[in-house]
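What follows is a single structure, written as structure tokens, with notes after it.
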Amino acid sequence: MTASAHALELLQVAAAAADSKAGEDLVAIDVSNPLPLTDIFLIVTGRSERNVVAIAGEIEDKMTEAGHKSLRREGRAEGRWVLVDFGDLVVHIFHEEERVYYSLERLWKDCPVIPIALPAHKAAE
């Protein structure tokens, strides 16, 4: 089993939103085989608590604009690990230290990584 086309569409919207708020080290993992309730985990790093919250907010805003409402959100008050559940896509936005500590990529290392196509950035003028 592989991630659905709908999940891949959600991934592109969320990844572009995270990238626009300086989200770093974006990794998408296809968890559709071991997890029956979701298809993709998107893991993003923010450099500070404020950045983590800003990334989560931008992802929710852009997903809402695209017609996809979040089902659940956790951790926003602390800004260290925010989880936003969109059904087929679950986004984990980590502060750098939490990303290293929890190491979700290591936990899901047997699942395939999905390439993420991000929009090209314009050079500063």
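Bear in mind these aren't lab numbers, they're just calculated from the coordinates by the rules spelled out. Because the structure is a prediction, the values reported are computed rather than measured. Quick reminder, even Gly has a Cβ in these numbers, built from the backbone with ideal geometry, and neighbours come from all protein chains shown.
Each of Leu107, Ala28, Val52 was scored by the projection of its Cα onto the charge dipole of region 5-114, and the greatest displacement toward the positive side belongs to Val52; charges sit on the C-beta of Lys, Arg, Asp and Glu. As a rough footprinting exposure proxy, the listed residues Val13, Val44 were ranked by other beta carbons within 10 Å of their own, and the order from fewest upward is Val13, Val44. Distance from the C-alpha centroid of region 37-111 to that of region 8-24: 10 Å, rounded to the whole angstrom. Sorting Arg106, Arg80, Arg73, Arg99 from the fewest to the most surrounding beta carbons within 10 angstrom yields Arg106, Arg73, Arg80, Arg99. With neighbour counts taken as other beta-carbon atoms within 10 Å, the residues Val53, Val84 rank, fewest first, as Val53, Val84.
Pairs of Cα atoms under 8 Å, at least six residues apart: use those to get the relative contact order of region 5-114, whole percent. Relative contact order, region 5-114: 30 percent.
The order of the peptides 111-119, 56-64 by mean Cβ neighbours within 10 Å, most packed first, is 56-64, 111-119.
Shown here for region 1-50: trypsin sites (Lys or Arg not before Pro) in loop regions (DSSP other than H, G, I, E, B) with at most 15 other Cβ atoms within 10 Å, namely Arg47.
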